[in-house]
Structures are given as structure tokens and as C-alpha cells.
Amino acid sequence: KETLIDRKLPEHIAIIMDGNGRWAKNRALPRTAGHAAGSKKFKEIARYCNKIGIKHLTVYAFSTENWRRPKEEVDAIMNIFRDYLRDSANFKSENIKLEFIGDRTGMPEDIVELMAQAEYDSKDATGLKCYMAINYGGRDELVHAVRDIVKEGIAPEDITEDTISAHIYTKHYPDPELIIRPSGEYRLSNFLIWQSAYS
Ligand code: IPE
Ligand code: IPE
Ligand code: MG
């Protein structure tokens with residue numbers, strides 16, 4: 001029987017969902033049309049990963065730095081999240097498990113509720129585990145991890161790399177072997193900076 005290893009599939013793929021603005025510009029469309037098209041493409045990719053047996057997919061949807069964009073663009077992106085989350089029930093029927101990483105405290109309250117609902121609705125799915133990074137920043141993630149470690153009173157000499165790995169958002173899953181940035185740039189832009197050491 002063919003196994004994952006035979007097919008040499010990565011266990012965890014991460015995607016920096018970049019290039020929406022340029023995609024739209026090339027078609028003489030507003031940037032927000034690029035974000036909408038990106039959201040659609042994301043669903044297609046998640047389904048495909050599920051179909052071929054990828055175990056973990058992490059997508060960078062909104063960074064802690066993206067709040068600096070014009071308010072109209074941020075609002076449009078938030079509305080795309082709302083639409084997506086409202087029909088994320090689709091994913092449940094497809095056996096895809098949805099989780100979110102990032103700092104929820106900075107997100108609009110109704111979206112935080114939709115996120116929790118989507119996680120709850122898909123919690124028993126056994127297929128692809130899809131993690132969406134929203135209001136995520138790798139440095140911010142490490143700051144939160146350090147705060148938690150200090151709060152737990154762990155002694156400095158007891159802090160190891162494993163301690164850090166156990167306090168970041170991705171503690172329940174392996175580091176990504178492959179990170180894809182389809183816009184053609186090679187920056188990480190603050191994405192999974194701890195987890196990408198061997199990607
Ligand atoms: C990424 O696409 C989407 C988000 C950051 C939410 P961009 O909007 O950065 O598109 P480009 O990089 O300007 O083409
Ligand atoms: C990274 O893309 C963030 C997301 C894709 C969500 P950006 O377009 O925001 O990153 P920079 O500005 O090119 O570094
Ligand atoms: Mg960009």
C-alpha cells in the first residue's frame with residue numbers, strides 16, 4: 001500500500017497568502033477583489049491538500065502588521081473573514097478541521113465568536129488540520145510565549161527549546177517542511193519565525 005512517505009508528501013505545508021493586490025492590479029481590479037479571489041483560492045487549496053492527504057496546512061491570512069493598511073482595505077478583509085467563517089460549515093462536511101492561531105484579543109468581537117464557532121463545528125473532523133493565522137505575528141507569538149513561561153514560574157535553568165515550542169500557538173503540531181509564498185518574494189514577513197528554522 002502506498003504510504004505518505006512513498007509519495008514524499010510534506011506533513012505540514014505553510015502558505016503566506018500574498019500577492020492579492022498585485023493580482024488585482026494586473027487585472028485592473030480594486031485590491032479588495034484580489035483579497036476575495038485569494039479567499040476563494042484558499043478554499044480550493046485546503047480541499048486539495050485534504051484530498052491528497054496532507055496532514056497540516058497553515059495559512060497566513062492577516063499579520064499583526066497588516067493593521068497599518070488603509071482602513072477601507074482592513075475593513076474589506078474583515079468582511080471577507082466574516083463571509084468565509086459564516087459558510088465554514090462547508091469545511092465540516094468535508095472533514096477539514098479548522099483552527100486559528102494569532103492574537104484574538106485584537107480582533108473584532110463578532111469575528112472572534114465566529115472563529116470559536118467554526119473551531120467548535122469542525123472539532124471532530126479527522127481529515128486535514130487547517131490553521132489560519134489571523135492577527136498573527138511571529139515576534140508577537142514569542143512575546144506571548146515568554147509571558148506565559150514567566151507566569152508559570154518556570155526556572156530560567158529549566159527553560160529549553162522544548163519549553164518555547166510548548167508555549168507557542170503551534171505547540172500541538174509539527175514544524176512546516178515547506179513554506180510557499182506565491183507572490184514571488186522570499187521574505188517570511190514575521191510568519192512562523194521559530195517554526196521555520198528547518199523549512
Ligand atoms: C496579501 O496580499 C493579503 C494580506 C496581507 C491580507 P497583499 O495585499 O499583500 O498583496 P500584494 O503583496 O500587495 O500584491
Ligand atoms: C504577509 O504579506 C502577510 C500575509 C500574507 C497575511 P504582506 O504583504 O503583509 O508582507 P510584506 O509587507 O510584503 O512584508
Ligand atoms: Mg503583500
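Jot down the radius of gyration and Dmax of the chain, Cα atoms only, both in angstrom.
Taking only Cα atoms of the chain, I get Rg and Dmax of 17.3, 57 Å.
What translational diffusion coefficient, to the nearest whole µm²/s, does region 26-102 have by Stokes-Einstein, given a Kirkwood radius computed over alpha-carbon pairs, a temperature of 20 °C and 1.002 mPa s viscosity? Mind showing how you got there, number by number?
Details: Rh = 13.9 Å.
Roughly 154 µm²/s, to the nearest whole number.
Kindly count the pairs of lysines across region 43-132 whose alpha carbons are less than 17 Å apart, treating pairs on different chains or eight or more residues apart as eligible.
Taking region 43-132 as the scope, the lysine pair count is 16.
Report, by chain and number, residues whose modeled amide H sits under 5 Å from the one on LEU178, excluding near sequence neighbours (fewer than 5 apart, same chain).
Amide H to amide H, under 5 Å and 5 or more residues apart or across chains, LEU178 pairs with HIS12, ALA14.
Given q = 0.21, 0.22, 0.25 Å⁻¹, what are the Debye log10 I(q)/I(0) values for region 129-178, with equal point scatterers placed on the Cα positions and solvent ignored?
Log-scaled intensity ratios, in q order: -0.81, -0.87, -1.04.
Compute the Kirkwood hydrodynamic radius of region 93-156, taking the inverse of the mean of 1/r over all pairs of distinct Cα atoms, and give it in Å to one decimal. Numbers along the way, then the final one.
On the way: mean 1/r = 0.0745 Å⁻¹.
It works out to 13.4 Å.
List every DSSP H helix in the chain whose Cα atoms extend 27 Å or more along the helix's own long axis and whose mean Kyte-Doolittle hydropathy is at least -1.0.
Span-like helices in the chain: 31-52.
To the nearest 500 deg cm²/dmol, what mean residue ellipticity at 222 nm is calculated for the chain from DSSP H runs of n ≥ 4 alone, each contributing -39,500 (n - 2.57), summed and divided by the residues?
-12500 deg cm²/dmol
For region 5-68, compute the orientation-averaged projected area of the C-alpha convex hull (one quarter of its surface), in nm².
5.3
May I ask for the longest run of the chain untouched by GluC sites (Glu not before Pro) that are loop-located per DSSP and have at most 10 neighbouring C-beta atoms (other than their own) within 10 Å?
It works out to 3-151.
When ligands, DNA and RNA are left out and all protein chains stay put, how many square angstrom of accessible area per residue does the chain have with a 1.4 Å probe?
58
The values are calculated or read from the model by the stated rules, or taken from the named source; none is laboratory data. Since we're looking at a predicted model, the values are computed, not measured. Cβ: placed from backbone, ideal geometry, glycine included. Neighbour counts: every protein chain shown. With ligands, DNA and RNA removed, areas are computed over all heavy atoms of the protein, side chains included. Shrake-Rupley method; radii C 1.70, N 1.55, O 1.52, S 1.80 Å.
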